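The values are calculated or read from the model by the stated rules, or taken from the named source; none is laboratory data. All values reported here derive from a predicted model rather than from experimental measurement. Cβ: placed from backbone, ideal geometry, glycine included. Neighbour counts: every protein chain shown.
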Amino acid sequence: MLTLFCGKGAPIHKGEFASIGTYDFPLVIRQNVSLDELCLIGFSETRQNEQKHQSATVHFFEDDDKFDEVWNNPPKYIAKLKQYRQVLSPDFSQYADMPAAIQIFNVYRNRWCAAYWQQQGLVVIPTISWSDNSSLAYSFDSVERHSYVAVSTVGCANNEDVFMAGYVEMVARIEPMAVICYGRLFSNMSSYATCIEIEYRTNTTLSYTVHV
């Protein structure tokens, strides 16, 4: 069992959740999600005493070093995240040139944070990512069927075929109720599942729905 000690608090046991699949990723259960007037806020833009954006959904489509602490010290961020309507699970990076072991571990961290947050009373939308075809064997594990999920096309413009191959497989495996897409929808994405396009913006705090 993996154990994380968090400052002066009780240790967090990282093997404490129900797990399924070849790699024993923690199970992320399907939850009721609010898509009305959906807007996203990056984790790095969240505040300890939020006054303006409590209706936003927190996303982690940022550099990993901006949110590694949600894994390193999970209890520290619960109160902060609870201020917001709901959260996406952390998008720990998967790149084709990464060793498979690291990619698998990053999927594990994604699922563990999601399961932990759900246990703590947050509404969590699983973020799903993948790299090349070999990653499809594990990238969609441990997400309950018919969940709402989130993906991002940011940075994938030159690899649309690879993205779409994974996307089609993800839809077949998870059968999502809807897909929240951070960044431009690629052609035909909406023919496989209901999609909600969220604009990619770098110079403002919130990103809003532009297409459903």
**Message:** For a quick check of your reading of the model, give me the residue pairs whose first member lies in the range 50-64 and is in contact (Cβ under 8 Å) with a residue 12 or more places away in the chain and part of a helix (DSSP H, G or I), whose second is surrounded by 18 or more Cβ atoms within 10 Å (Cβ to Cβ) and of a type in the set (S, T, N, Q), with beta-carbon atoms closer than 9 Å and at least 6 apart or on different chains.
**Reply:** 64/106
**Item:** Criterion: touching a strand residue (DSSP E or B) at 6+ places or on another chain (Cβ under 7 Å) and either over 23 Å from residue 38 (Cβ atoms) or of a type in the set (Phe, Trp, Tyr) (or both) - qualifying residue of 142, 152, 134
**Value:** 142
**Asked** If you check 197, 169, 175, which single one turns out to be acidic (Asp, Glu) and on the phi > 0 side of the Ramachandran plot?
**Response** 175
**Prompt:** Within the range 46-59, how many residues turn out to be more than 19 Å from residue 121 (Cβ to Cβ) and buried (at least 18 other Cβ atoms within 10 Å of the Cβ)?
**Reply:** 2
**Request:** Return yes when residue 148 is among the aromatic types (Phe, Trp, Tyr) and touching a residue at least 40 places away in the same chain (Cβ under 8 Å) and no when it is not.
**Result:** yes
**Item:** Subset of the range 75-91 [farther than 19 Å from residue 29 by Cα and either part of a helix (DSSP H, G or I) or among the hydrophobic types (A, V, I, L, M, F, W, C) (or both)]
**Value:** 75, 76, 77, 79, 80
**Message:** Return the residues of the range 157-179 that are in contact with a Phe, Trp or Tyr (Cβ under 8 Å, 6 or more places away or on another chain) and assigned to a helix (DSSP H, G or I); say none if nothing qualifies.
**Reply:** 160, 163, 164, 166, 167, 168, 169, 170, 171, 173, 174
**Request:** Considering every residue within the range 65-78, establish whether at least one is surrounded by 17 or more Cβ atoms within 10 Å (Cβ to Cβ), out of contact with any helix residue (DSSP H, G or I) (no Cβ under 8 Å at 6 or more places or on another chain) and either within 25 Å of residue 199 (Cα to Cα) or hydrophobic (A, V, I, L, M, F, W, C) (or both).
**Result:** no
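This table checks each residue for (1) farther than 20 Å from residue 66 by Cβ; (2) surrounded by fewer than 22 Cβ atoms within 10 Å (Cβ to Cβ); (3) of a type in the set (A, V, I, L, M).
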site: 88; (1), (2), (3): no, no, yes
site: 93; (1), (2), (3): no, yes, no
site: 123; (1), (2), (3): yes, yes, yes
site: 130; (1), (2), (3): yes, no, no
site: 134; (1), (2), (3): yes, yes, no
site: 158; (1), (2), (3): yes, yes, no
site: 168; (1), (2), (3): yes, yes, yes
**Asked** When residue 117 is evaluated against the numbered criteria (1) surrounded by fewer than 20 Cβ atoms within 10 Å (Cβ to Cβ); (2) modelled with pLDDT of 95 or more, which criterion, by number, is the only one it fails?
**Response** (1)
**Message:** Restricting to the range 47-65, name every residue that is among the hydroxyl-bearing types (Ser, Thr, Tyr) and within 16 Å of the chain's Cα centre (by Cα).
**Reply:** 57
